[in-house]
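Scroll down for the structure; my scribbles are underneath it.
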Amino acid sequence: MERTCLLLLLLSTLVYCSLGQGGDLSPPASLSVSPDRSQFFEYDDQTFSLSVLSNQASLSLSPDRSQFFEYESVSLSCEVQGNSARWRVVRNTTRGILSECHTDWGKQQGSSCNVSLTPSDSGVYWCESGSGEHSNAVNITVHAGPMILESPALPVTEGDSVTLRCRYQETPSDLTAVFYKDGSLIRAETTGEMTIPAVSKSDEGLYKCYNSKGDSPESWMTVTAPIPSPPVPVLSMSLPRLLCSLLVGSPYLLVTIILLVKYCRSRAQGGTRKTHQDQLGDHVEEE
């Protein structure tokens, strides 16, 4: 009997704890912005600065590089979470002309804007909503010279392998290219391309290449940290919530304990009374 009462008391306590004082199993909310910086683009003597204000949309381009020869084509797309109808591709050229796709440049095809490039198309491109929100921005340089540097226009993640390639209008007999970062010599490569096996934040910077035919424009390469794994859910409870749970749940727990104690006592008294009656009946039968 005592064991049964103890089990019932323990069960009621566990139910109260699970309902009244259960921890919050939801992972903590966090806000992240990628890349965690303002983006800067250099055009001769003028500098543009653009900060990412919305994570609902991102600009992607194909092929993913920041330099192109004249008359090459590029496709720019707004990748949007939700309704993409209010987002459009916008640019600010080196001439300071702000306009959107399919006005006097580019052809809109679905959610993509296809552009046949000329030097006047050099500039900063991004996605913008009707309410003025904008996505990440990319810098596109259209070069009419003999060579360009093929480097990623979109940010690369730390640990990724990245190849920078010197590309020529007319393939020279000697492909050797010299690579520079932030104006300082890195090294020369006889193949005309340089691979960084695992990029780090220190590799972020302004790159260009040089050959006997000439040199390429400079391009900025952005390096971002990898996306962290989601945190493991942990039990947590704030002090106000704990006090509230105690105030609300304690009376119910107290009443449950009192009723269980009374029930156990009544059962015990009933068992004692029955035993006494049985003994009395046996004694009467013997007489």
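The values are calculated or read from the model by the stated rules, or taken from the named source; none is laboratory data. Given the structure is predicted, the values throughout are model-derived calculations rather than measurements. Note: ideal-geometry Cβ built from the backbone for every residue, glycine included; neighbour counts use all protein chains shown. Just the protein is used for accessible areas: all its heavy atoms, side chains included, with ligands, DNA and RNA removed. Shrake-Rupley method; radii C 1.70, N 1.55, O 1.52, S 1.80 Å.
For the reader, a short list of remarks on this structure follows.
- Residue, farthest from ILE148 (Cα to Cα), within the range 73-84, restricted to residues that are surrounded by fewer than 18 Cβ atoms within 10 Å (Cβ to Cβ) and touching a residue at least 12 places away in the same chain (Cβ under 8 Å): GLY82
- Reported count of residues in the range 54-69, each being at pLDDT 90 or above, surrounded by fewer than 16 Cβ atoms within 10 Å (Cβ to Cβ) and not in a strand (DSSP E or B), is 2.
- Qualifying residue in the range 148-165 (condition: in contact with a Cys (Cβ under 9 Å, 6 or more places away or on another chain) and open to solvent by 40 Å² or more (accessible area, probe 1.4 Å)): yes
- Taking (1) part of a strand (DSSP E or B); (2) in contact with a Pro (Cβ under 9 Å, 6 or more places away or on another chain) in turn, GLY145 satisfies each apart from (1).
- When SER250, SER202 are checked against the criterion of being open to solvent by less than 90 Å² (accessible area, probe 1.4 Å), at pLDDT 75 or above and assigned to a helix (DSSP H, G or I), SER202 stands alone in meeting it.
Yes or no, residue by residue, for (1) open to solvent by 50 Å² or more (accessible area, probe 1.4 Å); (2) among the charged types (D, E, K, R):
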site	(1), (2)
TYR71	yes, no
ARG86	yes, yes
ARG91	no, yes
THR94	yes, no
GLU100	yes, yes
TRP105	no, no
SER112	no, no
SER120	no, no
